[in-house]
């Protein structure tokens, strides 16, 4: 038989491994010293000593009169396996975290927003000057549960312009577009539910849905919207509760929904229990309006959300939800319970900026600038044998196929060490071929160094 | 045997009742027509007709080739039973919803914040003027994942002042104090977990925890903090994952934790797996600092949160979390997944207001004004035989016992019809005697009409 010290170590190792494998969960009671001794065929004093040493390491805790318990930290909801910044695995949060962390010197063709000086800075400055003279309640009070009434009236009129009929009392403001989707998920989903997303889709949908502990089912996205027959099969096979998609300009592909696809999707949804969330965040980039599911459906099963982070300012947070009248009050309760009232300042500043006559001119200039940068980026990428999957009508994204044999995640990690943040296909899709794709933000791709670094990484593949 | 029409009705009634009782969940397939006919001992054609009629009512839906399914609306997470505004039941969201909805003419001694012109309006105006001249990224870009570095450095120094040692990289900004607690709950809790709260406690803790589908266990609150022996019994009996409490000035009682209670609580927690959230939202009202659990514990198991909605502005949303270094990155992932980046503007404005030399003077004047209004309100309430449970050292809340035989919820509903929003004890506690208590906000109790309306309601009891 092994020496006593070795036996103690063996008992400690066994208990540690049960905790790591979660056979013993945090907070559960360990077997009594006697029972453990019998089970492990060692002496009681060996177990006593092993328990005491594990307690000294804070792996288990002793409760006098009650026994030993598996200690914390309690198992928290980790969305990712964290590592040092550069080594972190490419997961749905990879691009967001890298892009948000960056210092100004880093180039970020992978990020999902415009350069700071492409946004509506002049409008925001004017709004702040106006607000500095606003009435006291604007500056110091909570917003009403649904949020700024005048902004909701404006949103109602804007939505009418793309065929979506939502009364102001069917609209609720949220902290951001992501927050709007999160509230809807909290309202409609339970852990284990199934949710459809486009494949590929905006990577943060994957991260968000992971936080809701639901199962994600991808439906292949075509240049005209989701593949209708795959959508039908997914409905039949999975009975999903929700489908989350982008309307207007799709992220990451830049594609737009065709009217016939929109109609077929909604007909299929009618035979099911599905609710659809349509994220219209890129609405103001469009040069001609694509069909909106919410317009065809009349907000029966489609919930329409949006924000102005992409065209006015990401520093001024404000999103919105347009939905059925009978759901809006429950969503307001949920918002108050989880973030309390919204602020008035952000919504007031947004209203001022949106109704400023300069905003329309800002958008016109923005669209021209994006179109020209789109052409330029296509040419530069093609010189590296990187080909657009389609040429979008508008917007900032180009979804591209890398040269044969390339691995997007490897290239993204290599470029990050050279100060270039890319958006590899793996962040947008769980499909096996996702690593052949990469999303480029044309507005963030003006710097020639991006293509030099990328070219070197492709050669080293 | 009953007539065919009656049999169809009976089958429909049975299926409806299974759906209402959630024996049949939305999205699940109903038994085939044949199987249902056998089970209910009716003919196949009776079931076919019953299914068709239920489908016409949209209670079930038919999927060709697949059968009939229980239709939507999918069962959403309703935190409350909604009714018209005045009739709504008193639940944890009652006071928030009523107070946030109000028009200026309504009096609101029940609400949880100061009148608009008691807040730091001058500081907010100065901050907005300064921001109108800020650099472009401040106005248009997302914040970094943890939020404004300089504001986090300031918070670190402020926390040091009350004995809480948190490095800036142990602090993350959130949209609000409530949002901070919500993120922690998402990080640590799973549905069905048990959570301790004070009895009574801030009503929104009940609403928030309901949204997390956890079980709430109340621990009686004494003038020195939670009852330690009840706390110990609750730990033993329920193995809770979390305890959420207010430090500094307790809401609704106005009590403060004593050092000996703080020490005993933490000693008890050491024998368990408990994490403690300490909501320090009223910190700046204090005239002398009460002990903080986070200071005693060194942020091992205590998470410290706060915001400045109560002393600077509720229109400028920004909260914070101070916690262990190994938890902060996962909390940042969760924040990005569910609300994306925070805005820079709110945190920048807050930093300017906090570091403005006027803020200290604002607080001094505020504390004097609150103390004087506290005295005045006590006198007015005592004339109606409404007695404070204790006289708080500072803050805006008075937790009062109503005259014998009064029901706080009835009185609150009666006063609401007269334009006075009160905060009945039932919103803060699930205890049987909660209806004998009411919380008064002394800063919102200056208007004599409040006591007239209250007096009439008490007489009518």
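Every number in this text was worked out from the coordinates using simple rules, so none of it is lab data. This structure is a prediction, so every number in the text was calculated from the model and none was measured. FYI the Cβ positions are ideal-geometry reconstructions off the backbone, even for glycines, and counts take in every protein chain you see.
Things worth noting here:
- Estimated FRET transfer efficiency (residue A:48, residue B:153; beta-carbon r; R0 45 Å; 0.05): 0.40
- Copies compared at residue A:213 - label distances in nm, ascending, label defined 7 Å from Cα in the Cβ direction: 0.7
- Each of B:228, B:47 was scored by other Cβ atoms within 10 Å of its Cβ. Listed from fewest to most, they are B:228, B:47.
- On the basis of the beta-carbon distance and an R0 of 22 Å, residue B:385 and residue B:456 show a calculated FRET efficiency of 0.95.
- Across the identical copies, how the residue A:14 labels are spaced - nm, sorted shortest first, 7 Å along Cα→Cβ: 5.5
- Helix B:344-355 axis, angle to chain B major axis (alpha carbon atoms, nearest 10°): 30
- Chain B: angle of helix B:408-417 to the longest principal axis, Cα-based, in degrees nearest 10: 90
- Inter-chain shielding of B:132-138 (mean C-beta neighbours from other protein chains, 10 Å cut-off): 6
- Considering helices alone, the calculated mean residue ellipticity of the protein assembly as shown at 222 nm is -13000 deg cm²/dmol, with DSSP H runs of length four and up weighted by -39500 (n - 2.57) and normalised per residue.
- FRET efficiency for residue B:129 and residue A:357, using Cβ-Cβ distance with R0 set to 22 Å, rounded to 0.05: 0.45
- Label point 7 Å beyond Cα along the C-beta direction, distances from residue A:150 to other copies (nm, shortest first): 3.1
- Here the residues B:111, B:230, A:318, ranked from fewest to most Cβ neighbours within 10 Å of their Cβ, fall in the order B:230, B:111, A:318.
- The order of B:360, B:126, going from fewest to most other C-beta atoms within 10 Å of their C-beta, is B:360, B:126.
- Across peptide A:188-200, the mean count of Cβ atoms from other chains lying within 10 Å of each residue's own Cβ comes to 2.
- Mean Cβ count within 10 Å, highest first, over the residues of peptides B:286-299, A:341-354: A:341-354, B:286-299
- 10 Å Cβ neighbours from other chains, averaged over peptide A:342-351: 4
- Model label zone, residue A:169; criterion: amide N under 15 Å from point 7 Å along Cα-to-beta-carbon; scope region A:329-344: A:329-330, A:332
- Label positions at residue A:369 and residue B:418, each projected 7 Å from the Cα along the C-beta direction, are separated by 6.0 nm.
- Axis of helix B:177-188 versus longest Cα principal axis of chain B: the two differ by about 60°, to the nearest ten degrees.
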